[in-house]
Structures are given as structure tokens and as C-alpha cells.
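Read-outs: derived from the displayed coordinates by stated rules, not from any lab. Fair warning: this is a prediction, and the values are worked out from it, not measured in the lab. Cβ sites come from the backbone with ideal geometry, for glycine too, and all protein chains shown count toward neighbours.
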Amino acid sequence: MSARRPLIAGNWKMNGLRADARALADEIGTLRKNKSQDAFDLLICPPFSVIETVGHVLDSTGIFLGAQDCHTAEKGAHTGDVSAAMLKDAGCSHVILGHSERRTNHKESNELVKQKAIAAHNEGLIAIICVGETETERENGKTLEVVTAQIKDSVPEGARADNTVIAYEPVWAIGTGKVATPDDVQNVHGDIRKTLAAKLGQETADGIRILYGGSMKPENAKELLALPDVDGGLIGGAALKAEDFWAIAQSCPSL
Ligand SMILES: O=C(CO)COP(=O)(O)O
């Protein structure tokens, strides 16, 4: 079991019109309000279009609000993009960066993810930096090599426990129902922490939370969240159902 306070983060991806988003946030907020002594942090990352709507609903629930991407620049001629300053202004405390859906579909490099993380840090946002291998990389025995390179090259030198979270999301496990075995997850998370320690110093690495993401559900959450280097989850599909998201959070070991 980890000594770090677990973070259960919902990545809603491109889901949620205003009425649905409001209803879902309200359901989660109500569950949270009934339990004020939780041994975990909760975070919801809705699409840009409903950030403010969800933020209003979450007000005074203690649930953190985040976004799913940001630009490297503070402002300027970047049609369609949103800056870290704008997210902060809209009430966000966190931003997911380098999700595999962006690394793949938008050709985001490690260097770009790092520049986005620096932009997020400059605005006082917590960057959730995603890493993870593809199925082919895994089959070729390249998991640790790929993830180590992603950590080395996507995490800024200024990363600390209070401004950075890592999410290990094996690409082949996202939205597929396939989940990495607890042994594999612990092995990769342990390796990520070693890489962070070499890059940032042992003490900093010890405090940084490393989340697992990829088909995390109420049925498998307890076993995953009990692993020594798993400090929470980044949840996709199951975050769109309040009771499943809450059940996952309830699976966190108590501190
Ligand atoms: O990509 C994910 C979270 O960022 C995981 O998605 P699923 O939980 O739907 O597999």
C-alpha cells in the first residue's frame, strides 16, 4: 500500500453535453458530500465545453476540476487551442497531458508534452503526464524501454510532488476491457519511480503520485489500488457512471 494520498481521476474524454455533464457531476458530488472523511482525492476532467458547468456543480464538494489538454503558449494565434492560463481562469487545478489518444491522433511528441507541462506549471496547475506502451511494443518486450524514455523526455526538470502526477496507461488496455496484471502494473510503476528518482532525486520521486489507467473498473480496482506504487487511477469509461466511479474510489486502501 502506498503512503501517498490516492487520487481517483475521471477522464470524461469527448463525452457530455451540458445537461448530462451537470447531472453526472451532481451525482458524484452528492456521493462525495455524504462522506467527508475520505482517504482519497477526487478529480473530474470534463471536455472544455462543460468545464465551467461542471465547476459550478462541484463547487464546495471538495472535488477537483481538470482539463484534458492545454497549449504551450499563454495566448496568441492558435485557433482551436486553450491555454493553461485559461484553464486556471475557468477553475481548473489539474490538466491531463500526453494522453495516448493525443500522442497517437495528434502526433504529440515527448518534447511537446514536456513544454505543455511547463506551461501548466507556470500557471500553478498540476500536470498529469500520461505514458504507456502500445500492444506491439509490449509484445516486443519494449514496455520498460518505451515508458522510461517517455518519463525522461516528457517530465520537466521542475516536476515536484505538488505539481506533477504520472499516469501509466498501457495503450492496449484503454477502452478494451483488457487490464494489465497487478504484477505488470507494479513492475512498470516501480520502474517509473526509479526513473523519476534518477531524474529528479529520490525524495521528489517518493512523493509523486503514479496513477494506473486502462479499463479500471469496480471489479479490478481494489487489487490495483493496493499495489505499493499505485497511487490512484485515471478512469475513462467507468468515470461516466457515478456509482462505478464512486465504487472505484471506495476501493482505495485507507491511509
Ligand atoms: O484512457 C483512459 C483514461 O485516461 C482509460 O480509459 P478506460 O478506463 O475507458 O479504459
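Subtract the Cα-Cα distance of A226 and D89 from 0.36 nm times their separation in residues, and report this length gain in nm to one decimal. Walk me through the numbers before you get to the answer.
Values: separation 137, 0.36 × 137 = 49.32 nm, distance 3.54 nm.
Difference between extended and current length: 45.8 nm.
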Practice problem: First measure r as the distance between the Cβ atoms of T79 and S254, then evaluate 1/(1 + (r/R0)^6) with R0 = 30 Å and state the FRET efficiency to the nearest 0.05. | Solution: 0.05
Quiz prompt | Computed lengthening from D206 to N122, 0.36 nm per intervening residue step minus Cα-Cα distance | solution = 28.0 nm
Quiz item: Spin-label point model (7 Å from Cα, Cβ direction): what's the K152 to N105 distance in nm?
Solution: 3.0 nm
Quiz item: To the nearest 0.05, how large is the calculated FRET efficiency for D26 and T176 if R₀ is 35 Å and r is the Cβ-Cβ distance?
Solution: 0.75
Practice problem: Compute the distance in nm between two label points, each set 7 Å from the Cα along the Cα-to-Cβ direction, one at A19 and one at D38. | Solution: 2.7 nm
Self-check item: Footprinting exposure proxy for F64, F245 (fewest neighbouring C-beta atoms within 10 Å first)
Solution: F64, F245
Quiz prompt | Residue list for the range 16-32, given a label point 7 angstrom along the Cα-to-Cβ vector of S49 and an amide N cut-off under 14 Å | solution = 16-22
Self-check item: Under 27 Å from K75, Cα to Cα: lysines that are on another chain or at least 8 residues apart
Solution: K13, K88, K107, K114, K116
Exercise. Would you calculate, for the chain, the mean residue ellipticity at 222 nm contributed by helices, counting each DSSP H stretch of 4 or more residues as -39,500 (n - 2.57) and dividing by all residues, to the nearest 500?
Key: -12500 deg cm²/dmol
Practice problem: Taking amide H positions as placed in the peptide plane 1.01 Å from N, state which residues far from G236 in sequence (5 or more) or on other chains have amide H under 5 Å from it. | Solution: N11, G214, S215, M216
Quiz prompt | Estimated distance in nm for a label pair at D59 and K199, the labels positioned 7 Å out from Cα along Cα-to-Cβ | solution = 3.8 nm
